[in-house]
Amino acid sequence: MAAYRSIYLNDEHLAFRDSVARFVDEQIIPHINQWEEDGGLPSELYQQAAELGLFGIGYPEELGGFEADPFYKVLSTIEISRAGSGGLMANLFTHDIAIPPLILDTQHPLRDSVCTAVLSGQQRAALAITEPSGGSDVANIQTRASRDGDDYVINGSKTFITSGMDADWFTVAVRTGGEGAGGVSLILVPRDAPGFTRTPLKKMGWWCSDTATLYFDDCRVPVANRIGPENAGFPFIMQNFNNERLGLAAQAWGLANAAFEEALEWAQQRKTFGKPIIHHQVIRHKLTDMRARLDAARAYLFEITWLISKNQAKPADLAQLKNHCTDLIEYIAPEAVQILGGAGYMRETKSERIFRETKVLSIGGGTREIMNELAARQQGWL
Ligand SMILES: Cc1cc2nc3c(=O)[nH]c(=O)nc-3n(C[C@H](O)[C@H](O)[C@H](O)COP(=O)(O)OP(=O)(O)OC[C@H]3O[C@@H](n4cnc5c(N)ncnc54)[C@H](O)[C@@H]3O)c2cc1C
């Protein structure tokens with residue numbers, strides 16, 4: 001279990017954290033290296049995670065979820081990150097970025113069946129916003145959905161989509177109106193919709209998470225599949241990003257902490273010049289610096305989580321937190337690899353994998369530059 005104390009956590013939080021920690025120790029850590037090499041997760045893991053309640057955190061009870069303050073999600077993310085694989089998190093929890101807009105559309109004809117299937121681990125859902133022409137300028141997406149009787153006919157392409165090959169349902173951002181944010185809608189597209197195809201992408205890290213390009217070629221989907229009113233998709237997307245940014249910040253912290261713990265253990269055991277390397281002052285001072293920055297970032301993470309629980313957090317808080325935690329991992333991961341020496345460059349150490357996973361965290365869910373831009377504008381500085 002990740003070791004930390006906090007005034008924000010009560011007994012229920014800690015009991016939940018313990019149950020997730022046991023699951024990670026027994027069901028994930030022994031297998032994660034193989035899953036990374038295989039490029040995917042076994043289907044039974046989705047059922048096991050669902051049964052433990054990991055998929056339902058904060059979702060409506062009638063759909064298979066349970067009421068939970070945002071600390072539950074943060075704590076479970078940190079525990080699962082101890083396995084040292086962001087790809088595992090991206091794969092298992094893609095639904096957390098895909099279904100929140102559908103949950104909000106209580107009139108949607110497929111809401112209950114799709115969300116129940118996804119939260120029980122039987123089906124999977126993905127979110128498709130980014131396009132080959134660019135991901136940062138979300139209001140400028142080009143994929144168009146045109147009305148034809150009771151259908152939308154979708155043409156365009158999406159790329160870098162997590163679970164793009166494996167998902168059963170896709171929450172897709174499309175242009176149904178004029179230019180800009182006011183012309184964007186969200187549509188739920190099933191994997192077998194006519195005119196919808198996908199190709200896989202290879203990448204630097206996150207190997208056990210599939211990533212794909214999606215093609216919509218006169219793809220037909222019923223108008224009833226639209227999520228929310230026409231041309232009102234943009235606010236759903238923005239709200240969704242806030243959840244995603246908290247998750248990515250917690251993941252960055254959890255992975256950085258996992259790399260630190262591996263480096264500390266290594267430093268206590270590995271001997272050079274007749275003594276464990278932690279007895280070389282430069283190594284133990286590296287570890288002290290790493291620990292201090294981790295502890296400070298965790299206090300910040302929990303402070304913002306608490307503000308979210310009180311409905312007092314602003315999008316700027318989440319943007320700044322995400323940057324702070326992704327900066328942290330970009331500092332911690334290379335230091336951990338350095339302390340492990342050659343072993344840190346070898347596959348199957350957590351630090352090697354985490355090192356390869358640092359950059360995706362400051363790109364996905366909004367880049368570092370866009371987070372700063374959003375925060376500066378929202379602070380009212382311009
Ligand atoms: C592994 C992985 C998984 C992903 N999963 C998903 C997913 O499931 N669904 C999905 O929709 N997307 C997903 N993405 C896409 C991700 O959200 C985008 O990559 C990201 O938003 C950036 O878009 P882009 O790559 O097109 O870069 P661009 O928008 O082309 O930006 C390129 C560079 O320019 C900078 N830049 C752009 N505009 C400005 C500006 N105004 N000021 C300063 N700098 C600027 C950016 O910060 C960046 O450094 C994923 C990406 C990766 C790598």
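One table, with the values for the structure above:
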item: Student exercise, the chain dipole from Lys, Arg, Asp, Glu Cβ charges, in Debye to nearest 20; result: 1240
item: Cα gyration tensor, the stretch 109-242 - rounded (a/c under 1.5), prolate or oblate; result: rounded
item: Net charge, Asp11 excluded, C-beta distance under 11 Å - Lys, Arg +1, Asp, Glu -1; result: -1
item: Under Karplus coefficients 6.51, -1.76 and 1.60, residue-wise ³J(HN,Hα) of the stretch 294-305 in Hz, glycine/proline x; result: 4, 5, 5, 5, 5, 4, 5, 4, 6, 4, 5, 4
item: Amide H within-cut-off set for Arg220, under 5 Å, with H built and near neighbours excluded; result: Ile154
item: Loop sites in the stretch 3-55: trypsin sites (Lys or Arg not before Pro), DSSP, at most 16 other Cβ within 10 Å; result: Arg5
item: Extreme residue, positive dipole direction of the stretch 125-231, given options Val223, Ile187, Thr199 (C-beta unit charges); result: Thr199
item: Interchain or long-range residues, amide H under 5 Å from Arg226's placed H; result: Leu188
item: Set of lysines near Lys73 by C-alpha distance (under 27 Å), chain-local residues within fewer than 8 positions excluded; result: Lys203, Lys310, Lys314, Lys322, Lys350, Lys359
item: Relative exposure of Met1, Met204, judged by other C-beta atoms within 10 Å (fewest first); result: Met204, Met1
item: Residues whose placed amide H lies under 5 Å from that of Ala68, excluding near-sequence neighbours; result: Gly58
item: Within the stretch 235-378: Cβ-based charge dipole about Cα centre, in debye rounded to nearest 20 (Lys, Arg +1; Asp, Glu -1); result: 220
item: Label point 7 Å beyond Cα of Val282 along Cβ direction - residues of the stretch 338-356 with amide nitrogen under 19 Å; result: 338-345
item: Gyration tensor (alpha-carbon) shape descriptor, the stretch 253-382, a/c threshold 1.5; result: prolate
item: Overall form of the stretch 11-119 per C-alpha gyration tensor (a/c, 1.5; a/b vs b/c); result: oblate
item: Furthest towards positive pole of dipole, Ala232, Phe260, Thr358, structure part the stretch 231-382, Cβ charges; result: Phe260
item: Helix-only [θ]222 nm of the chain, DSSP H runs n ≥ 4, -39500 (n - 2.57) each, per residue, nearest 500; result: -15500 deg cm²/dmol
item: Dipole magnitude of the stretch 125-231 about its Cα centre (Cβ charges: Lys, Arg +1; Asp, Glu -1), debye to nearest 20; result: 240
item: GNM result for the chain, Cα springs below 10 Å: residue of Trp207, Trp169, Trp266 fluctuating most strongly; result: Trp266
item: Among Thr116, Leu52, Ile97 the positive-end extreme of the charge dipole of the stretch 11-119 (Cβ point charges); result: Ile97
item: Residues Arg356, Arg347 arranged by fewest to most Cβ contacts within 10 Å; result: Arg347, Arg356
item: Span from the the stretch 147-175 Cα centroid across to the the stretch 196-249 one, whole angstrom; result: 7
item: Rg/Rh for the stretch 312-382, where both radii come from Cα atoms and Rh is the Kirkwood radius; result: 1.14
item: Cα Rg over Rh - the chain, Kirkwood; result: 0.98
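The numbers here are math on the coordinates, done by the rules we state, and not lab data. Treat the numbers as computed from the prediction; the structure is a model and nothing was measured. In this analysis, Cβ positions are derived from the backbone assuming ideal geometry, glycine residues included, and neighbour counts consider all displayed protein chains.
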